[in-house]
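Participant: Pasting a structure here, questions to come.
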Amino acid sequence: MNKRHFLSSTAAAVLALSAGATLAQDNTFKIGLILPMTGQQATTGRQIEAAARLYMAQNGDTVAGKKIQLIVKDDTSIPDMTKRLAQELVVNDKVNVLAGMGITPSALATAQIATQSKTPLVVMAAATSSITEASPYVVRTSFTLPQASVALADWAPKNGIKKVVTLVSDYGPGLDAEKFFTSRLQFNGGQVVEQLRVPLRSPDFAPFLQKVRDIKPDALFVFVPSGAGAAVMKQFLERGMDKAGIRLIGTGDVTDDDQLNDMGDGALGVVTSHHYSAAHPSAMNKKFVEAFQKANKNLRPNFMAVGGYDGMRVIYEALRVTKGNGGGDALLGAMKGQIFESPRGPIFIDAQTRDVVQNIYLRKVEKKDGQLYNVEFDVVKDVKDPGKTK
Ligand code: PHB
């Protein structure tokens, strides 16, 4: 047996042992929340942690007689770090649930640990379709890029957009967005004339945007992860692409509520498709946004916050139903099939795929009370992830 194999099988044995050990725990229920709290994806960590704490403040920290303990760890969005932290949380802290996962590579790096230790992994942010297939212990409360992209590819050709260039971050969610937007647009009689990919880390959009200007499509379709949208918007406007008659469209990651209000009036009219807007007109969402802003110096919650808030709901409900008995498999079973109202609208955790089924809204950036919002103008109801291979 080589050294690497020995080490990995030892780690697997320790993880398997710790799966049993969690049963003999005291009266605490531990949630290991791994998030990027610093670095390029730090806004995701800030939003999800704030939402998780809000959920606990509103719903108490005791469920089925167990005291909920939230252990937050910063993985700086480096997947090796996510994996190491997950291992420590399972083996040393004996967490009952792993959660968070700011980007796809972090979720994929952690999936095996969830499987080996039989610990449910609640993915609150990462959105590549295949993540739920990486471990039977993954449950997702965020969204998938195929889910969000297809509605926009149905809307575009009906609204004068036939010739499109796509620009995506060059990794899982970007490739999903590119693939599903392109094939659906083509199916609808439109055309993607160029597919551009920018690096995830420290992207420079300028040379790519110059190329788009030269091609002069009807629209530029963009996917960049939460936190990068403002830079794209700024450079798009600086180059006068809107004045040259090129429309900016994309999944709602680009007009992220965390940044939208600082993007300026140049963002007005941008159409995106997504599962959550802070302007979603439901009583539950109004309450959620108000409470979130009150607790966080007026910070507006974005779609990451909602993934975190609903992820906590899924965990609380699973604990309530199982009364804390039965370990990871029982919890996982009680997470599957949950149906409830989220600030985003009604959602459902598909018991087969463990992925979220939800409404996808078409939205346009408008000014309301002097602030920029993604205002919903149409909805496709109960959208399943179209990216599932089985
Ligand atoms: C991801 O890495 O899966 C991801 C991150 C941020 C987003 C969407 C997807 O806004």
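Per-residue answers, yes or no, for (1) closer than 22 Å to LYS367 by Cα; (2) under 20 Å from the mean Cα position of the chain (by Cα):
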residue	(1), (2)
PHE292	yes, yes
ASN298	yes, no
PRO301	yes, yes
GLY311	no, yes
MET335	no, yes
ILE339	no, yes
ILE349	no, yes
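Participant: Would you point out which residue out of VAL168, VAL123 is closer than 17 Å to PHE303 by Cα, under 20 Å from the mean Cα position of the chain (by Cα) and of a type outside the set (Gly, Ala, Ser)? First the steps, then the outcome.
Facilitator: Numbers: VAL168 fails: closer than 17 Å to PHE303 by Cα.
Criteria check complete, one pass: VAL123.
Participant: Turning to a different aspect of this structure: How many residues are more than 19 Å from MET56 (Cβ to Cβ) and either aliphatic (A, V, I, L, M) or in a helix (DSSP H, G or I) (or both) if we restrict to region 323-333?
Facilitator: Going through region 323-333 one residue at a time, the tally reaches 6.
Participant: Working only within region 25-38, note down all residues that are of a type in the set (Val, Ile, Thr) and outside any loop (DSSP other than H, G, I, E, B). Even if it seems obvious, please write down each step before you answer.
Facilitator: Filtering region 25-38 down to residues of a type in the set (Val, Ile, Thr) leaves 28, 31, 34, 38.
Once the filter is applied, which keeps residues that are of a type in the set (Val, Ile, Thr) and outside any loop (DSSP other than H, G, I, E, B), region 25-38 yields THR28, ILE31, ILE34.
Participant: Additional query: What is the one condition in (1) surrounded by fewer than 23 Cβ atoms within 10 Å (Cβ to Cβ); (2) of a type in the set (Phe, Trp, Tyr); (3) within 16 Å of the ligand (Cβ to nearest atom) that PHE208 does not satisfy?
Facilitator: (3)
Participant: I would also like to ask the following. Say we look at region 130-157 and pick out the residues that are near the ligand (Cβ under 10 Å from one of its atoms) and in a helix (DSSP H, G or I); which of these is surrounded by the most Cβ atoms within 10 Å (Cβ to Cβ)?
Facilitator: The selected residue is ALA148.
Participant: Just need a number here: residues in region 39-71 that are more than 16 Å from the ligand (Cβ to nearest atom), in a loop (DSSP other than H, G, I, E, B) and in contact (Cβ under 8 Å) with a residue 12 or more places away in the chain. First the steps, then the outcome.
Facilitator: Initial filter on region 39-71 (more than 16 Å from the ligand (Cβ to nearest atom)): 50, 52-71.
Filter once more, so that each one left must be in a loop (DSSP other than H, G, I, E, B): 60-61, 64-65.
Filter once more, keeping what is in contact (Cβ under 8 Å) with a residue 12 or more places away in the chain: 64-65.
Residues flagged as more than 16 Å from the ligand (Cβ to nearest atom), in a loop (DSSP other than H, G, I, E, B) and in contact (Cβ under 8 Å) with a residue 12 or more places away in the chain within region 39-71 amount to 2.
Participant: Which residues, counting only those in region 224-238, are within 16 Å of the ligand (Cβ to nearest atom) and either of a type in the set (Asp, Glu) or not in a helix (DSSP H, G or I) (or both)?
Facilitator: Passing the criteria: VAL224, PRO225, SER226, GLY227, ALA228.
Participant: On the basis of being among the β-branched types (Val, Ile, Thr), at pLDDT 95 or above and within 16 Å of the ligand (Cβ to nearest atom), does THR115 make the cut?
Facilitator: Working: among the β-branched types (Val, Ile, Thr): yes; at pLDDT 95 or above: yes; within 16 Å of the ligand (Cβ to nearest atom): no.
Taking the combined requirement at face value, the residue does not satisfy it.
Participant: Report the residue count in region 270-300 for those that are closer than 14 Å to ASP257 by Cα and part of a loop (DSSP other than H, G, I, E, B).
Facilitator: Within region 270-300, residues that are closer than 14 Å to ASP257 by Cα and part of a loop (DSSP other than H, G, I, E, B) number 10.
Participant: Could you tell me whether ARG363 is in a helix (DSSP H, G or I), in contact with a strand residue (DSSP E or B) (Cβ under 6 Å, 6 or more places away or on another chain) and at pLDDT 95 or above?
Facilitator: Numbers: in a helix (DSSP H, G or I): no; in contact with a strand residue (DSSP E or B) (Cβ under 6 Å, 6 or more places away or on another chain): yes; at pLDDT 95 or above: yes.
Against the criterion (in a helix (DSSP H, G or I), in contact with a strand residue (DSSP E or B) (Cβ under 6 Å, 6 or more places away or on another chain) and at pLDDT 95 or above), ARG363 does not qualify.
Participant: Is there any pair linking a residue in region 104-115 that is free of Cβ contacts under 8 Å to residues at least 60 places away in the same chain to one that is among the acidic types (Asp, Glu) and surrounded by fewer than 24 Cβ atoms within 10 Å (Cβ to Cβ), with Cβ under 8 Å and at least six apart or on different chains, and which?
Facilitator: ALA109/ASP80
The values are calculated or read from the model by the stated rules, or taken from the named source; none is laboratory data. Remember, predicted model here, so these are calculated numbers, not experimental data. For neighbour counting, all protein chains shown are included, and Cβ atoms are generated from backbone atoms with ideal geometry for every residue, glycine included.
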